[in-house]
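Student: Following this message is one structure expressed as structure tokens.
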Amino acid sequence: MMPETMPCTLVTWEEVYRLCREAARKIRTAGAPVDMIVAIARGGYIPGRLLSDMLGVSDLTALKIEHYRGAQKQREVLVKYPLNADINGRDVLLVDDVCDSGETFAVAVEHLRRSGTSRSLHTAAMQLKTVSEFVPDHYAGTIGEWRWIIYPWAVNEDLSSLIEKMRLDTRDPVRLRQAFRRLHDVDVTLRQVEDALGLLDD
């Protein structure tokens, strides 16, 4: 179960673009051949699309692995929707937003190896947590002290999950915003809190 207090970092769209740009630079500098990108859904969708643009790679596909639901970790890492593309003879880049424990990447790599014989297979993430047992071939930045990373495409989902776990006797956005600062060391806007509450009320 997620601890009552857990430090979080809210990543902006500008930071996402900067991280993907840096990852693309490192991939090009390393001379890694890429003619197909496989995004790990859902976190890898947007980084995968940005990298496809930055690297000039038009073949972009995805597979879905479930490890987290909101900020809540699931018991098993499962391939929910397998790869539906031919990777034989291709130079594949497997992309996710963050490499946390490394379990998602490890399962995805094994799945791709069972799915076909690619000419090469490289892995990339915007950010690597140094506690991870799996280290991607390419990453833009590292996170030394463990924190939960809230990316802009998952703000409502993550904040609503955190609100549920806080188990406070209030749904007042102002008080919840204060609780996010106190319990999770993160500044969120009132609108973000209100939108997250909207998910819980649906």
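Student: Within the range 11-26, can one find any residue that is surrounded by 15 or more Cβ atoms within 10 Å (Cβ to Cβ) and at positive phi?
Tutor: no
Student: Separate question: All but one of (1) β-branched (Val, Ile, Thr); (2) modelled with pLDDT under 95; (3) over 30 Å from Leu200 (Cβ atoms) hold for Val79; which doesn't?
Tutor: Evaluating Val79 over (1) β-branched (Val, Ile, Thr); (2) modelled with pLDDT under 95; (3) over 30 Å from Leu200 (Cβ atoms) leaves (3) as the failure.
Student: In the range 127-153, what residues are over 21 Å from Glu22 (Cα atoms) and touching a Phe, Trp or Tyr at 6+ places or on another chain (Cβ under 9 Å)?
Tutor: Passing the criteria: only Val131.
Student: Has the range 133-145 got any residue that is outside any loop (DSSP other than H, G, I, E, B), in the same structural domain as Arg49 (by TED's automatic domain parsing) and in contact with a His (Cβ under 8 Å, 6 or more places away or on another chain)?
Tutor: Within the range 133-145, one or more residues are outside any loop (DSSP other than H, G, I, E, B), in the same structural domain as Arg49 (by TED's automatic domain parsing) and in contact with a His (Cβ under 8 Å, 6 or more places away or on another chain).
Student: Sticking with this structure for a sec: Which residues, taken from the range 12-47, are within 12 Å of Pro152 (Cα to Cα) and either free of Cβ contacts under 8 Å to residues at least 12 places away in the same chain or not assigned by TED's automatic domain parsing to the domain that holds Gln127 (or both)?
Tutor: Once the filter is applied, which keeps residues that are within 12 Å of Pro152 (Cα to Cα) and either free of Cβ contacts under 8 Å to residues at least 12 places away in the same chain or not assigned by TED's automatic domain parsing to the domain that holds Gln127 (or both), the range 12-47 yields Glu14, Glu15.
The values are calculated or read from the model by the stated rules, or taken from the named source; none is laboratory data. A quick note: this is a predicted structure, and the numbers were derived from the prediction, not measured. So basically every Cβ, Gly included, is an ideal-geometry build from the backbone, and we count neighbours across all protein chains shown.
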